[in-house]
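Report on the following structure.
Read-outs: derived from the displayed coordinates by stated rules, not from any lab. As the structure is a prediction and not an experimental result, all values here were calculated from the model. With ideal geometry, Cβ positions are generated from the backbone for all residues, glycine too; neighbour counts draw on all protein chains shown.
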Amino acid sequence: MALLEVHDVNSGYGELQILWDASMSLEPGQLTTLVGSNGSGKTTLLRTIMGQLKPWSGSVIFDGEDVSKLPPYTKADLGLIMVPEGRQLFSSMSVRENLEMGATPKRARAHMAQNLERIFDIFPRLAERADQKAGTMSGGEQQMLAVARGIMSEPRILMVDELSLGLAPVLTLDLFMALRKLRNEGLTILLVEQNVRMALKVSDYAYVFNEGRVNLSGPSSEVENNEEVRRAYLGI
Amino acid sequence: MGEVLITSALDGLLIGVIYGLAAMGLTLIFGVMDVINLAHGPLIAVGMFGVYLLFTFLGINPFVALLIMAVIGLLLGFFIYFVAVNRVIDAPPLSSLLSTFSVNMMIIGVGTALLTTSSYNVEYSLGSFEFGFFRVPGARLMAALAALVVTGLLYLFMYRTRPGKYIRAVADNRASAELMGIPSTRILALAFGIGVMLAVVAGGLIATILPINILAGGSFELKSFVIVVLGGLGNPLGALFGGLILGLIEGLVPVVMKTTWVPVIEYALFVLILLVRPQGLMGAKK
C-alpha cells in the first residue's frame, strides 16, 4: 500500500490556481522524484502536501489517514518532513541548535543523541562546524544542514525541495549520494528537482509535472528513455 | 567631588539595571514578532500596583509578591496575545500598534477608576549598606540584584531550554519552525507572555524604591524606547546595556547641571543614535 496518496488536488495562491487535479503516490522505501520545468507547480504540490497551503479540493492521505486539513506542525509530528526550497535555516542559531530544532517531533526527541551521531557520520563537515552560526556557512554546507535537520526529525517521508539549486556539481553529487544512502536504509523520499537528468538517475520512480498536473509517470529508467522527456528535459 | 560622582554613578547604574529589565520586555516582543507593545507602560504599572496591593493589604513581602506578579504577568501576557495580537500578527504594523494601544487605554482607564492617579508608596525599607565612603540604599541594591538575576534567568531560558530555543527559532523563521513540528502560535504567545512578565516584574521592582501612580508606567515606557534604540532593536542584552547608559546619565547629569536637563540629554542621545547608528550600539537583530 502506498504511504502517501495525493488524490485530484486543486490548489493555489489566492485566486490563482496552480494545481489542476494533481495525483501521485509514494511507495514506502522508494525514492520518488517529481520533475518538471520552473513554475510547473512542484513546490506548490509539496506545500499543499505539508499543509502550508490548503487543498481547494481533493485529498492527501498519509498512512491510510486523511491529513488534508492538518497544519504543518501536526504533520511534522506524524512524520511528514519537508526540507524547503532555499534551505530556510535558523540562521542566527548554531548548527547544533538547528539540528536540535529538527528533533522536535516526539519520536525524534527520544533518539536525538543517536541521530546527531549519525548525522555527523554522514556529514562530517557539520560536526566541524557544530558551534558556528548556520547563516555564516557556505551555500553547500547550508544545504547539507537543511537535509540533516530534516533527518533529525526521523521522517517517515522526507520531502526535499530543489536539492541542487545553486550548488556546485560536486556538492550536488554528494548530496544525491547521501539521499540514495538514506533510501537504501529504508527511508521513503520525495525529491523535487530541476536537474532532471540527475533526479532520474538516482530515483526509483518519477512523476513529470507540467502546468500543474502530472504529465507522465513511471519507473525512472523508463521515464528516462521516454522520447518526449528526452527532448523536453534532457536535451537529446 | 569624586565621592559624589562615584555615589551618583552607582546610584544611576542600580536604577539603570531596572530600566534595562523593563526595556528587555519590549525588545523581546519586538525581536520575536515585530510587534511594538504600546501597552508596555501600563503593564509596568500593573506590576507596581500588584506588589503594592499584595504588600499593603496582605502583608506579603515585596520580593515574594514579585514572584506572584511574575506568574500573573505571564498569564496576562497570554491573554493579551490571544485577544489583541494574534489576529493582527501578519497585518501591517499599524494594526498591532492600534490594538496594543487599545489595551493600554483599557488598563489606564480601569486603573484610574479604581486607584485614581494619586501617588502611593510601598512602605518597605531595607536600611542602607555602606561600602567604604559611599552608601547605597538597601532596597535599591536588592532591586538591582533581582533585576540581574531575572536577566540571567532569561538568558538561561532562551539559550539552554527547549521552549527558549523554540522562541528563537520562531523569531528566526516561523514557517520553517512549523515544518519541524513547532506550534508557532503557542510559542509566540509564550514570548509575548514573557515580555509582559518582564515589564510587570520591572514595575514591581520600581515600586520597592520609588513612589508610584497608575500613569507612572508611561515614563518608563518612553525610557524603554530610548534604551531599546540605544542597545539595538530586538536585542535583549543590548537593552541591559542601554539601561545602564540611561541610568548613568540620570545619575551623573544632576551632579553638574539642573535635573531638568536629564530628559533633554536623553532624548538628544535618542535622536543622535537614530541618525548615526540606527542599528543601536550593540546591533539589532538580523
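Where does helix A:112-122 land angle-wise versus the long Cα axis of chain A, in degrees 0 to 90, nearest 10? Helix A:112-122 sits at roughly 80 degrees to that axis.
The distance linking region B:161-182 with region A:86-102 is 9 Å (Cα centroid to Cα centroid, whole angstrom). Please check: in the Gaussian network model of chain A (C-alpha springs, under 10 Å), which one of A:THR33, A:THR136, A:THR43 has the largest mean-square fluctuation. For chain A, modelled as a Gaussian network with Cα springs under 10 Å, the answer is A:THR136. Across B:VAL88, B:VAL226, B:VAL256, mean-square fluctuation computed from a Gaussian network of chain B (C-alpha pairs under 10 Å connected) peaks at B:VAL256.
Exposed loop sites here mean GluC sites (Glu not before Pro) with a DSSP loop assignment and at most 13 other beta-carbon atoms within 10 Å; chain A contains its longest site-free run at A:16-184. Per-residue 3J(HN,Hα) values for region A:13-27, derived from phi via the Karplus relation 6.51 cos²θ - 1.76 cosθ + 1.60 with θ = phi - 60°, read 10, x, 8, 8, 7, 10, 9, 10, 6, 6, 9, 6, 9, 10, 8 Hz in sequence order (x marks Gly and Pro). Among rounded, prolate and oblate, which fits region B:113-217 when a ≥ b ≥ c are the square roots of the eigenvalues of its C-alpha gyration tensor, a/c under 1.5 means rounded, and a/b larger than b/c means prolate? Oblate, since a/c reaches 1.5 and b/c is not below a/b.
How high is the relative contact order of region A:1-114? Use alpha-carbon pairs under 8 Å, at least six apart in sequence, and give a whole percent.
Contact order relative to length: 23 percent.
Across region A:91-153, the relative contact order, built from alpha-carbon pairs under 8 Å that are at least six residues apart, equals 58 percent.
Between helix A:169-184 and chain A there is an angle of about 90 degrees, using the helix long axis and the longest principal axis of the Cα atoms. Distant-in-sequence amide contacts of A:TYR207, defined by a placed amide H-H separation under 5 Å and a gap of 5 or more residues or a different chain, comprise A:THR33, A:LEU34, A:VAL35. Seen against the Cα atoms of chain B and their longest principal axis, helix B:162-172 is set at about 80 degrees. Taking chain A as a Gaussian network of alpha-carbon nodes connected by springs under 10 Å, the highest mean-square fluctuation of the residues A:SER164, A:SER91, A:SER220 belongs to A:SER91.
Amide H contacts for B:ILE60 (H built 1.01 Å from N in the peptide plane; partners 5 or more residues away or on another chain; cut-off under 5 Å): B:PHE55. Net charge dipole, region B:2-276: roughly 480 debye, given to the nearest 20, about the Cα centre with Cβ charges of +1 for Lys and Arg and -1 for Asp and Glu.
Charge dipole (Cα centre; +1 on Lys/Arg Cβ, -1 on Asp/Glu Cβ; no other charges) of chain A amounts to roughly 480 debye.
What is the average number of partner chain Cβ atoms found within 10 Å of a Cβ in B:180-192? Mind showing how you got there, number by number?
Working: counts 19, 20, 7, 7, 3, 2, 1, 1, 0, 0, 0, 0, 0.
Going residue by residue through B:180-192 and averaging, the value is 5.
Sequentially through region B:61-66, phi angles give Karplus couplings (6.51, -1.76, 1.60; θ = phi - 60°) of 3, x, 7, 6, 4, 4 Hz, Gly and Pro residues having no value and appearing as x. A dipole drawn for region A:11-108 from +1 and -1 charges on Cβ atoms has a positive end, and of A:ALA108, A:LEU53, A:PRO28 the residue lying farthest that way is A:ALA108.
Database remark: amide H of A:ILE18 closer than 5 angstrom to the amide H of A:SER11, A:GLY12, A:TYR13 (H placed geometrically; neighbours at sequence offset of 5 or more, or on other chains; Pro and chain starts carry no H).
Counting other Cβ atoms within 10 Å, keep those with at most 16, restrict to DSSP loop, and tell me which GluC sites (Glu not before Pro) in region B:123-183 are left. It would help to have the intermediate numbers written out before the result.
Numbers: sites: B:GLU123, B:GLU130, B:GLU178; in loops: B:GLU123.
When the GluC sites (Glu not before Pro) of region B:123-183 are filtered for loop state and at most 16 Cβ neighbours within 10 Å, B:GLU123 remain.
What the phi angles of region B:33-40 give under the Karplus curve with 6.51, -1.76 and 1.60, with θ = phi - 60°, is a coupling list of 10, 6, 10, 8, 7, 6, 8, 4 Hz, glycine and proline written as x. Within 10 Å of the Cβ of each residue in B:167-177, the mean number of Cβ atoms contributed by other protein chains is 6. For chain A, averaging the sequence separation of C-alpha pairs within contact (under 8 Å, six or more residues apart) and dividing by the residue count gives a relative contact order of 28 percent.
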